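K.L.:
Below are the structure tokens for one structure; questions will follow.
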Amino acid sequence: MAGRARRATEVAGARRTRAAGLRGAAPGGPRTLTLNRAREELGLEFPDFELAVQLGEIVTVGGGTDRPRVTEEEIARLRDTGGGTQALLARIRLVNTTEGAEFLGISRDRLLRLTRAGCVRPVRWYVNRYRALVWLYLACELRDFAADSPALLAGRLPAAVRESADGEDCRPRGWRSRRVAQLARDAWDPWEEAAVWAALLGPEMTESAVPDPYERSRLRGIHQVLPPGRPGPLADAALIGRLATADHPDEIALGLVALADALGRARDRDPVPRPASAAPAAPPVRAAQSGPVPAPVDPPAHVSTSGPALWLAEDRPRRSLRRLLRGRRQVTDG
């Protein structure tokens, strides 16, 4: 698990290094375009362009306080690649379970069991007008899956797949793993990366893993939940929070390791400022001493004073991570 987190960190670091180099290029260096101008140059609709950027098919530069942009070299690369824009659209084509089953020439029920078992990870989800949760997959990944595992497309499914499909639904976890990897890849600095893992873990787990209220406030200001993409107007906050929060022990353990790693680098690079009142308390003033006692300094405006965020460490309710790892479970969708 630590290896997976380290690889994600290395990819994100390489991307940030490239972006910083392009952003700091001297006049006459690589010319960049705004996202909207790049979309127009490629002749893409906004949802297709947005998905291509999310999937890493279109590489952006910049970030942090700078708005992401696309280099002219990236536009040329996409145009010159075999098939050009049409090939790009084919690579990012999304299908639901019914369309995917028709694409593979198998029954919808069979593909549903395969996706529930985690054989293919979804890319997005949305809530349709019937308030049903719809998962979307890359058609090219379904094609690759069929080519790599033809035995799963015909005949009786292996017992391991049947048991997995009848048990926990792996689609939410598969979507989260993909989304976290994308967001960690695009994180501009360690604080943004740490905020991704904190959003995955949820507020309760993050409170146990990050006891400092000022650090938690900074993480919340970046991400509260994993951005779901385009869930549709009928997706309420409860559903988004449920689908975007880790609920499997392995997933939670990986998130805790990755959060600790990113948070350590964030503290070394850019520690959170804190007022004097957050420093260790001075020894109590003896009764014989005269003079007024200084009033405590209020916390900064960006730190919430409601709830348990500013409780003293000795008064903070301690939760067992072991109990949280065992107890967190979500209701799965059919």
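K.L.:
With a/c under 1.5 counting as rounded, go ahead and sort the stretch 53-127 into rounded, prolate or oblate using the C-alpha gyration tensor (a ≥ b ≥ c being the square roots of the eigenvalues; past the cut-off, prolate if a/b is larger than b/c, else oblate).
P.N.:
Oblate, because a/c is 1.5 or more while a/b does not exceed b/c.
K.L.:
Between Leu153 and Glu45, what length in nm is gained on full extension when 0.36 nm per residue of separation is reduced by their alpha carbon distance?
P.N.:
The span from Leu153 to Glu45 would gain 35.5 nm if fully extended.
K.L.:
Simple spin-label model, 7 Å along Cα-to-Cβ: Arg31 to Arg129 in nm?
P.N.:
Taking the simple label geometry, Arg31 and Arg129 are separated by 4.5 nm.
K.L.:
Which chymotrypsin sites (Phe, Trp or Tyr not before Pro) in the stretch 53-137 sit in a loop by DSSP (not H, G, I, E or B) and have at most 16 other Cβ atoms within 10 Å of their own Cβ?
P.N.:
Counting only loop positions with at most 16 other Cβ atoms within 10 Å, the chymotrypsin sites (Phe, Trp or Tyr not before Pro) in the stretch 53-137 are Tyr130.
K.L.:
Would you mind listing how long the stretch 126-232 runs along its three principal axes, going by Cα atoms, in whole Å with the largest first?
P.N.:
Principal-axis extents of the stretch 126-232 (Cα, largest first): 57, 30, 30 Å.
K.L.:
Also, I was wondering about something else. Once amide H atoms are built 1.01 Å from N in the peptide plane, which residues 5 or more positions from Thr71, or in another chain, come under 5 Å H to H?
P.N.:
HN-HN under 5 Å from Thr71: Leu33, Val61.
Each value in this text was obtained by applying a stated rule to the coordinates, not by laboratory testing. None of these values were measured; they are calculated from a predicted model. Note that each Cβ is placed from the backbone with ideal geometry, even for glycine, and that neighbours are counted across all protein chains shown.
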